[in-house]
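The values are calculated or read from the model by the stated rules, or taken from the named source; none is laboratory data. Not measured: the values here are computed from a predicted model. FYI the Cβ positions are ideal-geometry reconstructions off the backbone, even for glycines, and counts take in every protein chain you see. Just so you know, the surface numbers come from the protein's heavy atoms only, side chains and all, with ligands and any DNA or RNA stripped out. Shrake-Rupley method; radii C 1.70, N 1.55, O 1.52, S 1.80 Å.
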Amino acid sequence: MIKFFMVDVESVSSNVPRSNFQEADLEILADLILESGGILKPLILKKTGFEQYEVVDGHFEYYSAVRAREKKPSEGDMVSALIISSENEDVALKQIASLKGIDSSGKSVTPELEITKLEPRLANLELRLEKQFNEFKSEILQERQRIDSQLKQLENLIPQKSEQSNPLSLLNSLDKDELSIKLQRARIPGAEKIAKGIFDARRKKPKQEFEDYRDVVKSVKSLSDKTIKLGDKTILTIIDEWSRS
């Protein structure tokens, strides 16, 4: 079974070295990805673990997406992808080879007539994928707007409490052990790693403090430690639990 998803670029890896591609070419496509708001040709991925994927096809596009994220982390963090199940991997690879007009030996075998027949099908496939991509992009934007709205509502409630009980103040003042204990009491999964990530990210800030909750999530993600699971939903849970205590 094949499913279409938007996945975090950091959760994807490739067994093809980046050095196989010209950096100038990657730079050009990266700029186009940022300009168009996403990659139009989805990556073909297979799942290798919890929220971890490996590129099956589209290695050049993947490294271009990586470069786009390097240039603008806030805009190039997600990439469109088709996720294939392990039992369908062989069939998917055959389909990819067929669409490219090559067989398993890597030699061109598709006659010109067959290429002509495939062109309308590929055009229709691209249109369908582009439509799906735009729909998913719209859903993600709506979800982010909803989360931002919830954050603002929670922030409006927080000033009514003392500065010590303000979750943002706690995130900016508690040491690593204190953060870990408080996160564990709030039953936050991976509390110790999240506490370490928050503490390390805070120390790298110019004033050693976060500007807001979105800054907390962004700063922790910039550490590039994939074991730290701190996203928008987790920070909302932290704010909610700490605001009650």
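Remarks
- Candidate set: the range 24-54, residues that are of a type in the set (S, T, N, Q) and in a strand (DSSP E or B); chosen: the one modelled with the highest pLDDT: Gln52
- When the range 38-68 is limited to residues that are in contact (Cβ under 8 Å) with a residue 24 or more places away in the chain, of a type in the set (A, V, I, L, M, F, W, C) and open to solvent by 50 Å² or more (accessible area, probe 1.4 Å), the one that is farthest from Ile83 (Cα to Cα) turns out to be Phe60.
- Qualifying residue in the range 84-96 (condition: open to solvent by less than 50 Å² (accessible area, probe 1.4 Å), out of contact with any Ser or Thr (no Cβ under 6 Å at 6 or more places or on another chain), of a type in the set (Gly, Ala, Ser) and in contact (Cβ under 8 Å) with a residue 12 or more places away in the chain): yes
- Residue count, the range 230-241 (criterion: within 15 Å of the chain's Cα centre (by Cα) and either open to solvent by less than 40 Å² (accessible area, probe 1.4 Å) or within 21 Å of Lys72 (Cα to Cα) (or both)): 3
- Subset of the range 156-192 [modelled with pLDDT under 85 and either surrounded by 16 or more Cβ atoms within 10 Å (Cβ to Cβ) or within 19 Å of Leu223 (Cα to Cα) (or both)]: Ile158
- Pairs where the first residue, in the range 190-203, is free of Cβ contacts under 8 Å to residues at least 24 places away in the same chain and the second is open to solvent by 10 Å² or more (accessible area, probe 1.4 Å) and aliphatic (A, V, I, L, M), C-beta under 8 Å, 6+ apart: Asp200/Leu223; Ala201/Leu223
- Ile115 being modelled with pLDDT under 85 and touching a strand residue (DSSP E or B) at 6+ places or on another chain (Cβ under 6 Å): no
- Failed item in (1) surrounded by fewer than 14 Cβ atoms within 10 Å (Cβ to Cβ); (2) aliphatic (A, V, I, L, M); (3) under 23 Å from Ala123 (Cα atoms), with Ala24 passing the rest: (3)
- Residues that are in a helix (DSSP H, G or I) and either surrounded by 18 or more Cβ atoms within 10 Å (Cβ to Cβ) or touching a Pro at 6+ places or on another chain (Cβ under 8 Å) (or both) within the range 193-216 comprise Ile194, Ala195, Lys196, Gly197, Ile198, Phe199, Ala201, Arg202, Tyr213, Val216, listed in sequence order.
Rundown of residues vs (1) under 23 Å from Arg214 (Cα atoms); (2) in contact with a Pro (Cβ under 9 Å, 6 or more places away or on another chain), yes/no style:
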| residue | (1), (2) |
| --- | --- |
| Arg18 | no, no |
| Glu61 | no, yes |
| Lys71 | yes, no |
| Glu87 | no, no |
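- Long-range neighbours under 7 Å by Cβ, at least six apart or interchain, first residue closer than 16 Å to Ile147 by Cβ and aliphatic (A, V, I, L, M) within the range 233-245, second in a helix (DSSP H, G or I) and open to solvent by 20 Å² or more (accessible area, probe 1.4 Å): Leu236/Gln150; Ile239/Leu154
- Selection status of Leu129, more than 22 Å from Glu10 (Cβ to Cβ), at pLDDT 90 or above and open to solvent by less than 40 Å² (accessible area, probe 1.4 Å): no
- Criterion violated by Asp225 - all others in (1) surrounded by 12 or more Cβ atoms within 10 Å (Cβ to Cβ); (2) free of Cβ contacts under 8 Å to residues at least 24 places away in the same chain; (3) not small (Gly, Ala, Ser) satisfied: (2)
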